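Coordinate-derived values only; no laboratory data. All values derive from a computational prediction rather than experimental measurement.
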């Protein structure tokens, strides 16, 4: 009996890897990645114009602001003839017109040879006038025959 008690106390060695700590580490890393992944996608939403743009159909006459190749501003209000205008007068006239017609669309047309800064300045002036949305005008592409 003495030998059997001694063999009972002595345990057999296990040749297994204990994976429980590895699973714990993996779950902690998974939670860290799940929490940090949405934070990596912060930024500004930008909606780029589509390539298959169609002409805008509006019931009201649009307010047209044009910039020529020399950077001069021109204004067309409600179907009136196009008139040259300076920046201060542009802000005042467009502001008064938008107060009377808040749903009137506002479009900017810039000559392709004018600097981007002048078109941007026109957009800033329209923003100062209280215009909520501004559209950009362009000409349709002319296909050349070969």
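Tabulated results
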quantity	calculated
Convex hull of Cα atoms in segment 78-144, direction-averaged projection (nm²)	5.7
Stretch gain in nm, segment residue 10-residue 96, where the contour uses 0.36 nm per residue and the Cα spacing is subtracted	21.2 nm
Difference of contour (0.36 nm per residue) and Cα-Cα distance, residue 138 to residue 80	18.8 nm
